[in-house]
Every structure is written in structure tokens, then in C-alpha cells.
Amino acid sequence: MTEQPPQPPLVMVLNGPNLNLLGSREPHIYGHDTLDDIAERLEAQAAALGLALDIRQSNHEGHIVDWLHEAGARGALAVLLNAGALTHTSIAIHDAIKGISVPVIEVHLSNPHAREEFRHTSFVARAAKGTISGFGARSYTLALDAAGALRQ
Ligand code: DQA
């Protein structure tokens, strides 16, 4: 049997509701980069770090839950998760993070703690390995660096 070359560690990048609108959505808060712009930067960074990426977006809570399970089943190195507004409401996502043994890095473009009161609670943060927020699109690249550093 021929030996397969080792696969690069997988990082899943999961984006929740309304993040498909990045670039045109409240640019004074979220900036002008689209999710495709961010994905392009992440792909270049992942190639340099020797990581494989799987980047997704959904406006539906159940998809995020299913994808977290999938990250667990695939033995991903890490998940970068910007759950959007579900961050502040979803116990299902909290429980899904708790239910897998993959470290989840919470990501936000804005700093929710500096915004409205209803954004100050994060059910993701309670289950996540850590949080990177407030650096605009750079929050994602900082988070990918953090994910790469989880390799032993
Ligand atoms: C966000 C912050 C959330 O409060 C908001 O609902 C979003 C985007 C961010 O990336 O800053 O949709 O997750």
C-alpha cells in the first residue's frame, strides 16, 4: 500500500447570521471588507502556516451546530467562530462547542463589550478557548495565528 502524505491540520472558519452582508453592512462598525476578501487573506495565511481551511457562512443556527459537530468528527485543529448575533442568544451553539473536543476561538470584528448592553453576554465565550474581538477583519487573521499555535 502506498503511504498517503500527511494532511495539513484543518481549521474550520464558521460565520453566522448577516456576515454574508459584510462590506455593505454598517461599514462604520464592520468595515468595508467582504467575507470573500477576508477568506482570501485567510487562505494565503493558512498556506503560509501549513494549515487547511474550510470557510463557511450560514444565517441558520442549526447549520452552525451541525458544522461544529462536523469539526469534531473531522478532528479539526480548531474552529474560528463568529456566530454573529447568535453569540448572544444561542445555548445550542454553546452546548455544541462543549460537546466537541476541538478548541473554538470566538471571533468578532467589533468589540461587543463596547456596544449595546444586549451584546455583553456571550454564550460562545463561556465555552470557547478564547476570544479575539475589536480588530475588524484583522480579528480573523489574529485568530488564525492563535489556531496555528495550538499545534504541538
Ligand atoms: C459581530 C458582533 C455581534 O454582536 C453582531 O450581532 C454581529 C457581528 C462582530 O463580528 O462584531 O453580527 O459578531
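Please treat every number below as a calculation from the coordinates, not as lab data. Since this is a predicted model, take the numbers as computed values, not measurements. When we count neighbours, we look across all protein chains shown, and the Cβ atoms used for this are built from the backbone with ideal geometry, even at glycine.
Key figures
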quantity: Highest average packing first - 75-81, 48-54, Cβ atoms within 10 Å; calculated: 75-81, 48-54
quantity: Environment charge of PRO103, counting only residues whose C-beta is closer than 13 Å and scoring Lys/Arg +1, Asp/Glu -1; calculated: +2
quantity: Crossing angle, helix 138-148 versus the chain [Cα axis fit, 0-90 degrees, rounded to tens]; calculated: 30
quantity: Globularity index of the stretch 1-146, i.e. its alpha-carbon radius of gyration over 2.2 N^0.38 Å; calculated: 1.03
quantity: Selected from VAL107, PRO6, ALA52, residue furthest toward positive end of dipole (the chain; charges at beta carbon); calculated: VAL107
quantity: Full-extension gain in nm, ALA85 to ILE29, via 0.36 nm per residue minus C-alpha separation; calculated: 18.7 nm
quantity: Gain on full stretching of the segment that runs from ALA52 to HIS113 - 0.36 nm per residue minus C-alpha separation; calculated: 18.8 nm
quantity: Charged-residue dipole, Cβ positions (Lys, Arg, Asp, Glu), the stretch 1-127 about Cα centre, Debye nearest 20; calculated: 280
quantity: Pairwise centroid distance, computed over Cα atoms, of the stretch 53-126 with the stretch 17-35, Å; calculated: 18
quantity: At R0 = 22 Å, FRET efficiency that the Cβ-Cβ distance of HIS60 and GLN4 yields, to 0.05; calculated: 0.05
quantity: Inter-site label distance for ASP95 and ASP37 at 7 Å from Cα along Cβ, in nm; calculated: 3.8
